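Visitor: Shown below is the structure under consideration.
The values are calculated or read from the model by the stated rules, or taken from the named source; none is laboratory data. Bear in mind the structure is a predicted one, so any value in this text is a computation, not a measurement. Ideal geometry is used to build each Cβ from the backbone, glycine not excepted, and the neighbour counts take in all protein chains shown.
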Amino acid sequence: MKKMNRRWILRQRPVGDVCDDDLQLVEAPLPQPEDGEMLVRNIYLMVAPTNRVWMSQIDQYMAPVALGEVMRGVTMGVVIESRHPDFKPGDIVEGGMAWEEYSVTRTARRVPVAYDLPLHAFASVLGNSGMTAYFGMLDIARPKAGDTIVVSAAAGGVGSIAGQIGKILGCGW
Ligand SMILES: NC(=O)c1ccc[n+]([C@@H]2O[C@H](COP(=O)([O-])OP(=O)(O)OC[C@H]3O[C@@H](n4cnc5c(N)ncnc54)[C@H](OP(=O)(O)O)[C@@H]3O)[C@@H](O)[C@H]2O)c1
């Protein structure tokens, strides 16, 4: 039986919170990698606030996702087939792909799986959320020991890590 891909299509632009009807799950043939590309089976999808922006038509840093197109997303997955010179089947990669089970990419980055850390750590504290908090705190905010830091949305992925970095630096919060 031919393997199919399952993907979430942006059906309509959300008004307020995202609703069930805004997205539609569809089946499509498995994509085939061309020269310089690889086929990835996605394991994790990083659902982030910026996804809501991509669903809208407001002025933003990337083109909005077009209606009827697969929803853009950052995912982590395993290379199934490779026509990319730097990657082989079994490699773990991460990058801008889509809300789908299988993606074809030529720009995903290798995930430096090491130290027996769980894979999901590279999708959170050692991934985009961790880097956003790390550089936000250490390069931009640069608090000193004894400072009081105020983190908005500190219960979230980025905010909770920013708070922990502040604690390590000796800040109160
Ligand atoms: N994650 C990344 O890689 C990344 C990269 C660059 C920039 N950013 C930006 O960093 C910010 C946080 O992202 P995140 O990944 O940490 O998101 P997140 O894990 O979804 O956390 C968002 C937090 O914001 C809170 N929140 C949402 N609406 C709120 C409101 N109206 N008033 C007060 N709190 C509210 C949520 O509270 P509840 O838990 O109660 O819903 C949640 O704790 C976003 O602006 C995002 O665009 C994130």
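Visitor: Assess whether Tyr44 counts as being loosely packed, with under 12 Cβ neighbours inside 10 Å and within 15 Å of the ligand (Cβ to nearest atom).
Guide: No; evaluated as a whole, the condition is false for this residue.
Visitor: Out of (1) part of a helix (DSSP H, G or I); (2) touching a helix residue (DSSP H, G or I) at 6+ places or on another chain (Cβ under 7 Å); (3) within 12 Å of the ligand (Cβ to nearest atom), what's the single condition that is false for Val125?
Guide: So the condition that Val125 fails would be (1).
Visitor: Please verify whether Thr107 is surrounded by fewer than 16 Cβ atoms within 10 Å (Cβ to Cβ), at pLDDT 95 or above, β-branched (Val, Ile, Thr) and in the same structural domain as Arg11 (by TED's automatic domain parsing), treating the condition exactly as stated.
Guide: Details: surrounded by fewer than 16 Cβ atoms within 10 Å (Cβ to Cβ): yes; at pLDDT 95 or above: yes; β-branched (Val, Ile, Thr): yes; in the same structural domain as Arg11 (by TED's automatic domain parsing): yes.
So Thr107 passes the test.
Visitor: For the stretch 63-70, indicate whether the set of residues that are within 28 Å of Val158 (Cβ to Cβ), touching a residue at least 24 places away in the same chain (Cβ under 8 Å), touching an Asp or Glu at 6+ places or on another chain (Cβ under 8 Å) and surrounded by 13 or more Cβ atoms within 10 Å (Cβ to Cβ) is non-empty.
Guide: Yes: one or more hits.
Visitor: What are the residue pairs meeting all of these: first residue in the stretch 140-153, first residue closer than 11 Å to Trp173 by Cα, second residue surrounded by 14 or more Cβ atoms within 10 Å (Cβ to Cβ) and of a type in the set (Phe, Trp, Tyr), Cβ atoms under 7 Å, and 6 or more apart or on different chains?
Guide: Thr148/Trp173; Ile149/Trp173; Val151/Trp173
Visitor: Go through the stretch 71-95 and give me each residue that's under 17 Å from Ala48 (Cβ atoms) and either exposed (fewer than 14 other Cβ atoms within 10 Å of the Cβ) or charged (D, E, K, R) (or both).
Guide: Answer for the stretch 71-95, where residues must be under 17 Å from Ala48 (Cβ atoms) and either exposed (fewer than 14 other Cβ atoms within 10 Å of the Cβ) or charged (D, E, K, R) (or both): Arg72, Glu94.
Visitor: Would you mention how many residues in the stretch 71-106 are in contact with a Ser or Thr (Cβ under 9 Å, 6 or more places away or on another chain) and either of a type in the set (D, E, K, R) or not in a strand (DSSP E or B) (or both)?
Guide: Of the residues in that region, 7 qualify.
Visitor: Another question about this same structure. Residues Ala145, Ala141: which one is touching a Cys at 6+ places or on another chain (Cβ under 8 Å) and more than 22 Å from Met46 (Cα to Cα)?
Guide: After applying the criteria, what remains is Ala145.
Visitor: Residue by residue through the stretch 1-27, note down the ones that are free of Cβ contacts under 8 Å to residues at least 40 places away in the same chain, more than 16 Å from the ligand (Cβ to nearest atom) and closer than 18 Å to Arg72 by Cβ.
Guide: Asp22, Gln24, Leu25, Val26
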